Structure formats: structure tokens, C-alpha cells
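What follows is a single structure, written as C-alpha cells, with notes after it.
The values are calculated or read from the model by the stated rules, or taken from the named source; none is laboratory data. Computed from a predicted model, the values in this text were never measured in an experiment. Quick reminder, even Gly has a Cβ in these numbers, built from the backbone with ideal geometry, and neighbours come from all protein chains shown. Each accessible area value is taken on the protein alone, full model and side chains, heavy atoms only, with ligands, DNA and RNA left out. Shrake-Rupley method; radii C 1.70, N 1.55, O 1.52, S 1.80 Å.
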Amino acid sequence: MKKCLLALLLICLIVFLSGCENSNTNGTNPDWKRYVHKETGVSFLYPKTWKIPSTNEVSDEIKSLISQAEVIILAEDNPGANVNLIITKSPLLAPGAVEQVEATESMYEFFGDQMGVKNYRRIDLQEYTVGKFNVALLKYELTLAQADYTVIGKQLYVPVGQNTYILTCTAPKEVWGDYEPIFDVIIKSFSLE
């Protein structure tokens, strides 16, 4: 009887310790960091090997994106794979998430050539909630005209009051399959707290 009790206690101790082994201060995998926007508290996870660049470390194309984004985070092994957060502000309440997706798509359709974008196509659009907010997740493909460079991306649209948080994950088409599982973790980790 004592041996059974000792064995049970030992098993419980092993289970408890193995549960503690993979935790860190975020309660997540230690291979990930959490980006937190200081003013709004919006946050998401990203791989700890990815880098938030300074403007003197990136190409002109990335510099123009950095000027619009709150943050851009580049994959260590392929800077073409990245995640960025843009916060837009509406004069009144922000339009719904799907309406904003449709407006973006119309902009690409009518002004894509002037924006340096061609061959835009929607791959998928999903609606769900983050906390108490209705959001849209768009998966798309487009070609950057100047470089004739095709990318696939996912954009999470989260309208909250006057603000819309747009979390974009993009990678070159030829390596999209390598990055999509990482992007899915990033998008699922998006938090408004």
C-alpha cells in the first residue's frame, strides 16, 4: 500500500513539474515574445528570433510600411515574411470589419495600379469574435507591381470604437506554407487587453 501511495505521489510530482517546465512569464512557449502596444494595450505573440528593425536596417519598401505601421516585425531568415500592426482612426465609429475588407478590396480593384499592386484576389474571408468584438480575417494574394513579387497574406480587422486594429501577416508566395502556421499562432494570440 505504501509503495502504491509513493508511486502515485511520484507520478503527481512528475506531472506537476513537467507542466511547469514549459512556462514563462507570458504563460506561453518560451520561443515566443509578446508585443504590446504601449498606448492601447493591444498585443500579440511573435517568434523570439524575429526582429523589430530600425529604419536604417531595412529597404525603402519596408521603410514606407514602417512609416504607416505601429510596428513591423521581420522573420529572421526571410525579411519578406513579416507581421505588422496598423491602427486607423475613424472620425466617428469605425465601420464593421467586413465593410472595411470590402473597402480595401475596392481600393485595390480601382486604384491598385496607382498603389503598385496588381492581381489582387481574395482567397478566404472568415468572421468571428475577439473578446466581444466582431472581427474579419482576410486571406489574400497580390503582386507588388514594381518587383513583380507575389505575396500571400492574412489580415485581421478588429474595429473597436473609433479605432480599427489591422494585424497583417505576409510572406512570399513560394514560402507561404512554411510561415502560415506561425502566422496562425500570431493571429490567434491577438488580444485587446
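The modelled label-to-label distance for the pair Q114/N29, using points 7 Å beyond Cα in the direction of Cβ, is 4.3 nm.
Extending 7 Å from Cα along the Cβ direction at A103 and again at I87 yields two label points whose distance is 1.8 nm. Computed on protein heavy atoms with a 1.4 Å probe, the accessible areas place F190, F110 in the order F110, F190, largest first.
Annotation: amide H-H contacts under 5 Å for V117 (H modelled 1.01 Å from N, sequence separation of 5 or more, or interchain): A145.
Heavy-atom accessible area, probed at 1.4 angstrom with all protein chains present, ranks Y46, Y108 as Y108, Y46, highest first. Set the bar at 27 Å for Cα to Cα. Now go through K33/K118; K89/K173; K33/K173 and name every pair that lies beyond it. Checking Cα-Cα distances, K33/K118; K89/K173 exceed 27 Å.
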